[in-house]
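What follows is a set of notes on a single structure, which appears directly below.
What follows draws every value from the coordinates through simple rules; no lab data is involved. Small disclaimer: the values here were computed from a predicted structure and weren't measured. Note: ideal-geometry Cβ built from the backbone for every residue, glycine included; neighbour counts use all protein chains shown.
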Amino acid sequence: MDKHTLHAIDGTDVRRRLPSVDTVLQQSVSLVEQWGSSRVSGAVRAELACLRNDLAQNNDVDIRPQAIIQRIEIKLRAADQSTLKQVINLTGTVLHTNLGRAVLPQRAIDAMTKVASMPTNLEYDLVSGGRGERDEHVESLICELVGTEAATVVNNNAAALLLVLNTLAENGEIPVSRGELVEIGGSFRVPDIMQRSGCTLVEVGTTNRTHLKDYAQAINPRTALLMKVHTSNYAIQGFTAAVGEPELAALAEERGLPFVVDLGSGNLVDFTAYGLPHEPVTGTAIENGADVVTFSGDKLLGGPQSGIIAGRKDLIDKIRSNPLKRALRLDKITLAALSEVLKLYRHPEKLAQELPTLGFLTRDVAAIEQQACMLAPALEGNLPTDYHVVPEACLSQIGSGALPIQNIPSFGLAITATSDAKLRALSAAFRLLPQPVVGRISDKKLFLDLRCLDCETRFLAQIGKLKELLA
Ligand SMILES: *Cc1c(COP(=O)(O)O)cnc(C)c1O
């Protein structure tokens, strides 16, 4: 204990020897320069209060002003770090909702920076010099790609559905198959959205089988529209029957009702062309007779969080003029990104190269295996001897509800430990890295699926820190 660390040897309370707020502030010129006087004086007061508390239990604290200032600086710096961090997604779920879904292509990122840094003609017609329409920056692109007359965009697909149902079916009834009353990710449930949209759900059919006559019998003068919801995160198998889009579209037309399809993950192209399992394509729903389709921008589309509504012009015009649209509209940054992502679909041959989501989904499994064989010894060499790392085949998922039952062969690092606690400690250490690595524990293994690891140097640069974090 040096002479500067004060303790209550003489029986006086050390807390009385703490420097005053003013004394510390007078010596905090460089902190004030960087963080401003009100923030620094707040931090000084908080630190001194904290010290007073600590000293009640423990006198072994350095209370020299310089030491106090140093601790304040560390705290101010930490508080300035963003809570949103880049993480390395090795969960095996490519479109992980909790990890922000799609990674955007570079041209979308560049476009976002551009519109963020200067005023733009977001709602300004440069020809007439009058008011413009923000949807125009993406509407014709969506129409071209989906094959519709009109389109509008909102915050996400849940918002899209809310807006469509509130516009076309408020105070009316909507018959929906019991097999399609979907819940997605806990907070989105079709029946809840319908209720909040002001319409009444009429359940038809049974969980496994719904027939056209079930819909036909449910239609009455209060019926506002017919709807089909893509069962995007599960599949009903066995003795099943569902009414196809063409049949439902024909019934809707016969009864003079609009036919709406919530596609969930909107595929603008047929993914089987890239060797992936089949998922419904947006254009097909339109060809099948849907009057309006809704889908997400950040699922298989690979763009920013957004909800796309495409369909018949008279219906889209009504939807667009609903006052709720203003509350759900997209901002210029998202519009800029969405527009660039949509443009990539004009060149499907280059899509897998340009769009990260599709790039990850179509990565050659042999290349992933090679990566696993290279990384396994490197990782094991950086871990305590309690851990063992081997390359192992696994299955990746698309995620965000797409292709629920079909997984994609992949490769990863399977890590075992001498105890469950050690395995959990390693998983926690990975999450504490400067760029946190997120894997998944199952079957007494910590699994790191390498499908989404496009930059292994980033991974390798950090693994030297794991031992220290585990100590
Ligand atoms: C994902 C999904 C939604 C919700 O979309 P968000 O973009 O997450 O709001 C709605 N319906 C279906 C069928 C979905 O798959």
What longest region of the chain stays clear of chymotrypsin sites (Phe, Trp or Tyr not before Pro) that DSSP places outside H, G, I, E and B and that have at most 13 other Cβ atoms within 10 Å?
1-233
Can you spot the aspartates and glutamates whose alpha carbon is less than 14 Å from Lys465's alpha carbon? Ignore those fewer than 8 places along the same chain.
Glu380
Can you give the extra length, in nm with one decimal, that the chain gains between Ser20 and Glu287 once fully stretched, where that is 0.36 nm per residue apart less the Cα-Cα distance?
88.5 nm
Cα-based radius of gyration of the range 240-327 once divided by 2.2 N^0.38 Å, which approximates compact folds:
1.19
In nm, the gap between the two label points placed 7 Å beyond Cα toward Cβ at Gln435 and Ala241 is 5.5 nm
Only sites in a loop by DSSP and with at most 16 other Cβ atoms within 10 Å count here; which GluC sites (Glu not before Pro) in the range 81-176 make the cut?
Glu123, Glu133, Glu149, Glu170
Helix 65-80: angle to the longest alpha-carbon principal axis of the chain, degrees 0 to 90, nearest 10?
10 degrees
In degrees from 0 to 90, rounded to the nearest 10, what is the angle of the helix 365-381 Cα long axis to the longest principal axis of the chain?
20 degrees
Plugging the Cβ-Cβ distance of Ala366 and Arg189 into 1/(1 + (r/R0)^6) at R0 = 41 Å yields, to the nearest 0.05, a FRET efficiency of 0.50
List the lysines whose Cα sits under 19 Å from the Cα of Lys213, skipping any in the same chain fewer than 8 residues away.
Lys228
What spacing in nm lies between the two simple spin-label points modelled at Leu470 and Lys213, each 7 Å away from Cα in the Cβ direction?
6.5 nm
For a label point 7 Å from the Cα of Leu395 along Cα→C-beta, name the residues of the range 241-281 whose backbone N is under 14 Å from it.
277
For the pair Asp80 and Val29, what calculated FRET efficiency results from E = 1/(1 + (r/R0)^6), where r is the Cβ-Cβ distance and R0 = 22 Å, to the nearest 0.05?
0.70
Between helix 37-57 and the chain, what is the angle of the helix's C-alpha long axis to the longest principal axis, kept within 0 to 90° and rounded to the nearest 10?
60 degrees
First measure r as the distance between the Cβ atoms of Glu123 and Asp270, then evaluate 1/(1 + (r/R0)^6) with R0 = 35 Å and state the FRET efficiency to the nearest 0.05.
0.50
When the charge dipole of the chain is computed with +1 at the Cβ of Lys and Arg and -1 at the Cβ of Asp and Glu, the Cα pointing farthest to the positive end, of Phe259, Ile308, Val32, is that of Val32
In whole angstrom, and with the biggest value first, how far do the Cα coordinates of the range 106-352 range along each principal axis?
55, 42, 33
When a/c is below 1.5 the answer is rounded, else prolate if a/b is larger than b/c, else oblate, so apply that to the range 14-80 with a ≥ b ≥ c taken from the square roots of the Cα gyration tensor eigenvalues.
prolate
MRE, 222 nm, helices only [DSSP H, n ≥ 4, -39500 (n - 2.57), over the chain, to nearest 500]:
-12500 deg cm²/dmol
Column: log10 I(q)/I(0), Debye, Cα scatterers of the range 84-167, q = 0.12, 0.16, 0.22 Å⁻¹:
-0.59, -0.98, -1.27
Quick one: plug the Kirkwood hydrodynamic radius of the chain (C-alpha pairs) into Stokes-Einstein at 4 °C, 1.567 mPa s, and report D in µm²/s.
49 µm²/s
For Cα pairs less than 8 Å apart in space and 6+ apart in sequence, what is the mean separation divided by the residue count of the chain, i.e. the relative contact order in percent?
18 percent
Scan the chain and report its longest stretch carrying no trypsin sites (Lys or Arg not before Pro) that are both in a DSSP loop and have at most 16 other Cβ atoms within 10 Å.
86-221
Extension gain Ala116-Asn98, at 0.36 nm per residue separation less the Cα-Cα distance, in nm?
4.0 nm
Net charge of neighbours whose Cβ lies under 9 Å from the Cβ of Gly132, counting Lys and Arg as +1 and Asp and Glu as -1
-2
Pull up the cross-link candidates among the lysines for Lys318, meaning alpha carbon to alpha carbon under 19 Å and not fewer than 8 places away within one chain.
none
Unit charges on C-beta of K, R, D, E only; dipole of the range 106-352, Debye
460 debye
Inter-probe distance in nm under a simple model that places probes 7 Å from Cα toward Cβ, at Glu144 and Gln70:
6.2 nm
Taking H placed 1.01 Å from N in the peptide plane, check which residues at least 5 places from Thr223 or on another chain put their amide H under 5 Å from its amide H.
Glu173
Tell me, how many Å apart are the Cα centres for the range 291-348 and for the range 75-126?
18 Å
